[in-house]
Amino acid sequence: MNLVVVDLEWNQSSTGREPEVAKLPFEIIEIGAIKLNDSYEMVGEFSELIKPIVYPRLYHITSKIIHIQMEDLARGGRFTDIAERFASWCGEDCMLCTWGPSDITELQRNLKFYGMPLISKGPVAYLDVQKLYALAFEKDKKTRLSLEHATDAAGIEKDIPFHRAFSDAYYTARILAKIGREHPEVLKFVSYDVTFPPETKAEEVFADFGTYSKRITRRFKNREAALSDKDVMSIVCTICNKQIKKKIGWFSTNGKQFISAGFCDAHGLVKNRVRIQKYDDDSVCAIKIVKPIENDSLVRLQERSAHAEELRKKRREAEKKAREAAKRSLPK
């Protein structure tokens, strides 16, 4: 299987008033890619400019960052033609790789906008090289360096300018090759783009990474439906995937992420985290991550749970006072 390292540049509305903004906030204007074989050798290149149609005026910040002029883009091809050529160039047996999570999302959005075949009708599995670099080389696994800083830290020679699609794909590919040769064990940590979630239970994604597991659920009508589903809200063990004894009930401080913890007799303390992904029609999917934790992590979760309960009490008190004030203001 080949690894296709892709980078995109895109344009956006300069006013925010165009009707297409909601459906296509970012219009792709350049695709650059490098193909790596199983030995992490560069075996192919792709670089194309795309003439913008939806937002024909180049956003001023875009032109400053990526150093493209409208004269260059005017000579570009149509997105539909170039997307077809790119798909053909990629081939069927490949894994897409990017620096960060944004490119797959915008590629899926552009494909849908133009009525073209999607990369996948559901979640797209890909390698987030930015995340993998942190796992392989950074002590703080949550650190996410910029591409240029990671290139410097990896000791890679900077022989072409940054901030164009092909050059950024080139540097990302060189970093990925370094990861693959020196820390191939992290390549199992595949990421998933959920621009389009599973539509049925049979299509749901479950990935076991050894140190944690991830489940991407089907689409639910709304958040309340997701949070009432027993599979979403059961507290399970990441190893045996069985329901376990509750240590901390579900809590949230923002309404988007919900956390709980339990104890498995065979495998110890386990944290469950559910993130709610909302879509334009108010439907949602749930992304559930389950991982083992130590006792000190449990203590921190207990503190966060207590804080969340305090916030809920304050909100309820404020709502009660508001209702009472509204009643007093009614004419007698």
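Observations, loosely collected:
- Across the stretch 90-104, the number of residues qualifying as surrounded by 17 or more Cβ atoms within 10 Å (Cβ to Cβ) and either farther than 18 Å from Tyr192 by Cα or among the polar types (S, T, N, Q) (or both) comes to 2.
- Residue within the stretch 106-116 that is assigned to a loop (DSSP other than H, G, I, E, B), surrounded by 13 or more Cβ atoms within 10 Å (Cβ to Cβ) and either among the aromatic types (Phe, Trp, Tyr) or touching a residue at least 40 places away in the same chain (Cβ under 8 Å) (or both) present: yes
- Which listed residue, of Asp296, Asp281, Asp265, is closer than 24 Å to Lys121 by Cα and without any contact (Cβ under 8 Å) to a residue 24 or more places away in the chain: Asp281
- Criterion: more than 22 Å from Met1 (Cα to Cα), surrounded by 19 or more Cβ atoms within 10 Å (Cβ to Cβ) and in the same structural domain as Ala22 (by TED's automatic domain parsing) - qualifying residue of Leu147, Leu176: Leu147
- The set of residues in the stretch 206-228 that are under 23 Å from Asn295 (Cβ atoms) and in a strand (DSSP E or B) contains only Ser213.
- Inside the stretch 75-101, residues that are out of contact with any helix residue (DSSP H, G or I) (no Cβ under 7 Å at 6 or more places or on another chain) and either part of a strand (DSSP E or B) or at pLDDT below 85 (or both) make up a count of 3.
- Check on Ala134, buried (at least 16 other Cβ atoms within 10 Å of the Cβ), without any contact (Cβ under 8 Å) to a residue 40 or more places away in the chain and small (Gly, Ala, Ser): yes
- Taking first residues from the stretch 67-94 that are of a type in the set (Asp, Glu) and partners that are exposed (fewer than 13 other Cβ atoms within 10 Å of the Cβ), the Cβ contacts under 9 Å between residues at least 6 apart in sequence or on separate chains come to Asp93/Met1.
The values are calculated or read from the model by the stated rules, or taken from the named source; none is laboratory data. As the structure is a computational prediction, the values presented were derived from the model and not from experiment. FYI the Cβ positions are ideal-geometry reconstructions off the backbone, even for glycines, and counts take in every protein chain you see.
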